[in-house]
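What follows is a set of notes on a single structure, which appears directly below.
The values are calculated or read from the model by the stated rules, or taken from the named source; none is laboratory data. From a predicted model like this one, the values you see are computed outputs, not experimental measurements. Here the Cβ positions follow ideal geometry from the backbone for every residue, glycine too, while neighbour counts run over all protein chains shown.
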Amino acid sequence: MRYISTRGGIQPISFKDAVMMGLASDGGLLLPQSYPTITQEQLESWRQLSYQEVAFEVISRYVDDIPAGDLKELINRSYATFSHPEVTPVVKKDGVYILELFHGVTLAFKDVALQFLGNLFEYILAERKQTLNIIGATSGDTGSAAIHGVRGKKGISIFILHPYGKTSAVQAMQMTSVTDANVHNIAVRGTFDDCQDMVKELFGDLEFKEKYSLGAVNSINWARVLAQVVYYFYAWLRVTDETDAPVTFSVPTGNFGDIFAGYVAKRMGLPVETLLLATNENNILTRFINESDYSLGGVVSTVSPSMDIQIASNFERYLFHLFAENPDKVTGAFTELKEHGRITCTTAEMTQVRNDFCSTSVNQLATLQTIRDFFAETGYLLDPHSAVGVKAALDLLPADFTRICLATAHPAKFSETVEQSLGYPVPAPESVKELYGKPTRCEIMDADIDKVREFFIANIG
Ligand SMILES: *Cc1c(COP(=O)(O)O)cnc(C)c1O
């Protein structure tokens, strides 16, 4: 399997090169040249497989430059860190199924991808005798999952900038309590955008980037999407153990990574009736799907902060397919976005979009109400992101369909909001209780690019 860019500017490359490249060198995103198909017969033969075995079946179809034994070992090691034997179990609550993606070390679904990516990086770097210095900005979830994905790994250092005092308490502790020598937390007196801007500036300095082998861990890495395709298959196998109703997924969406993984699963032949794209007030993708309106607005802060995004980076991967794999059309769309703040599609393209997805936006009031109501009716606590997906499913998906709602974070990770909704404290799992009182290491800094650069140079491995 070879990988190409949505902008058409690179020769096809191998899986390992795609992992190391991250963002395509022509500014596009990398995609496989084709999607392997899984037949109904093959799917049926996967029923008895463990999560790790399903992961190997899916992932190995995209990887032909890592020996099977090594790939199995990487997969097994990545998911051994999960606290549930099924890795991503599905539980039934009243009329919906909840796909619990939060049993990893940082209690959010990003662990599913970043545990795997951390091990992949280490494996490829060792083979190539290279080193990598990861720099990233986070509003909370990506940073903590990335830090836990690479902590203690050979050949890798990681520097994560987060806005000081603006993440949830648990998110901050999950980052700063990792005191491995290769992990560097920088708390910036400023906003997430300040952090993001400084990281962009560092990456924009190509000489600096080369000299210090900078790498990124944001959701544009193909390996992250690939790791997430697995749980769509796994969840489908579990729910169809007990029902024949058409299967639908509701996906709380920010960067379009998670839902794109669902789209890939469908392209591979997984029988999925509908993919529901759920947004909060930052609803550009909902406006696009329902009203053909992809125009940029400002970012609004909500109780589901990991979905507070206007420009969904992975959306470009979908556009590439929507535009019949024509890289010039993709480039043209992003030029239009830059110049006019919007992307326009033809009527035929919009028909295709509505064939692929349905969508609704859930506001904060409804999100908090859903946490309360769902708990009252089922005794099950949703985190605010998962609540957006559940509310969207209840509103939009027919009750006689199998409705699988992706639970992207554990409620204890956003306990401030859940408590605000319920009116009383959320029980903390052991892994959260253990965080309190752990020693922490974190550099608190002004939003000053020179200071950040200095700190980076002084601390690389
Ligand atoms: C990152 C994140 C999302 C959004 O996922 P995307 O892949 O960016 O669409 C939703 N919920 C939680 C808890 C997250 O951390």
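Do the conditions hold for residue 187, that is, is it assigned to a strand (DSSP E or B), surrounded by fewer than 24 Cβ atoms within 10 Å (Cβ to Cβ) and aliphatic (A, V, I, L, M)? The answer is yes for residue 187.
Which of the following residues is surrounded by 20 or more Cβ atoms within 10 Å (Cβ to Cβ), aliphatic (A, V, I, L, M) and within 16 Å of the ligand (Cβ to nearest atom): 96, 105?
So the residue among 96, 105 that is surrounded by 20 or more Cβ atoms within 10 Å (Cβ to Cβ), aliphatic (A, V, I, L, M) and within 16 Å of the ligand (Cβ to nearest atom) is 105.
Set side by side, the residues 227, 235 differ, and just one is more than 13 Å from the ligand (Cβ to nearest atom) and surrounded by 24 or more Cβ atoms within 10 Å (Cβ to Cβ), which is 235. Return the residues of the stretch 111-134 that are within 12 Å of the ligand (Cβ to nearest atom) and either in contact (Cβ under 8 Å) with a residue 60 or more places away in the chain or farther than 30 Å from residue 236 by Cα (or both); say none if nothing qualifies. Passing the criteria: 112, 113, 114. Scanning the stretch 424-461 for residues that are free of Cβ contacts under 8 Å to residues at least 24 places away in the same chain and under 30 Å from residue 232 (Cα atoms) yields 427, 428, 430. Which of the numbered conditions does residue 179 fail, given that it passes all the others? Conditions: (1) in contact with a Gly (Cβ under 8 Å, 6 or more places away or on another chain); (2) at pLDDT 95 or above; (3) among the polar types (S, T, N, Q). Evaluating residue 179 over (1) in contact with a Gly (Cβ under 8 Å, 6 or more places away or on another chain); (2) at pLDDT 95 or above; (3) among the polar types (S, T, N, Q) leaves (1) as the failure.
I'm told residue 333 meets every condition in (1) of a type in the set (A, V, I, L, M); (2) under 23 Å from the mean Cα position of the chain (by Cα); (3) modelled with pLDDT of 95 or more except one. Can you identify the failing condition by its number? Looking at each condition in turn, residue 333 falls short on (2).
Residue 402 fulfils the conditions (1) over 15 Å from residue 99 (Cα atoms); (2) modelled with pLDDT of 95 or more; (3) not acidic (Asp, Glu) except for a single criterion, (1).
Only residues that are assigned to a helix (DSSP H, G or I) and either within 23 Å of residue 165 (Cβ to Cβ) or free of Cβ contacts under 8 Å to residues at least 12 places away in the same chain (or both): list them for the stretch 401-423, please.
411, 412, 413, 414, 415, 416, 417, 418, 419, 420, 421
Remark: residue 157 falls outside the filter, which requires a residue to be buried (at least 21 other Cβ atoms within 10 Å of the Cβ), under 18 Å from residue 139 (Cα atoms) and touching a Gly at 6+ places or on another chain (Cβ under 6 Å).
One residue stands out among those in the stretch 405-425 that are more than 15 Å from the ligand (Cβ to nearest atom) and of a type outside the set (Phe, Trp, Tyr): the one that is surrounded by the most Cβ atoms within 10 Å (Cβ to Cβ), which is 421. Residues considered: 144, 157. Of these, the only one that is within 16 Å of the ligand (Cβ to nearest atom), of a type outside the set (A, V, I, L, M, F, W, C) and closer than 29 Å to residue 189 by Cβ is 144. Would you please name the residue that is surrounded by the most Cβ atoms within 10 Å (Cβ to Cβ), looking only at residues in the stretch 253-310 that are within 11 Å of the ligand (Cβ to nearest atom) and β-branched (Val, Ile, Thr)? Of everything passing the filter in the stretch 253-310, 253 is surrounded by the most Cβ atoms within 10 Å (Cβ to Cβ). Among the residues of the stretch 164-183, some residue qualifies, meaning at least one is farther than 29 Å from residue 28 by Cβ, more than 16 Å from the ligand (Cβ to nearest atom), of a type in the set (Val, Ile, Thr) and assigned to a strand (DSSP E or B). Restricting attention to the stretch 380-400 and to residues that are in a loop (DSSP other than H, G, I, E, B) and out of contact with any helix residue (DSSP H, G or I) (no Cβ under 8 Å at 6 or more places or on another chain), the residue that is surrounded by the most Cβ atoms within 10 Å (Cβ to Cβ) turns out to be 397.
Looking for whichever is at pLDDT 95 or above, over 20 Å from the mean Cα position of the chain (by Cα) and under 30 Å from residue 107 (Cβ atoms) here; the options are 12, 85, 89. Which one fits?
That would be 85, the only listed residue that is at pLDDT 95 or above, over 20 Å from the mean Cα position of the chain (by Cα) and under 30 Å from residue 107 (Cβ atoms).
Checking each residue in the stretch 1-47 for being acidic (Asp, Glu) and either touching a residue at least 60 places away in the same chain (Cβ under 8 Å) or in a loop (DSSP other than H, G, I, E, B) (or both) picks out only 26. When 406, 396, 435, 381 are screened for being of a type outside the set (D, E, K, R) and touching a Cys at 6+ places or on another chain (Cβ under 7 Å), only 396 passes.
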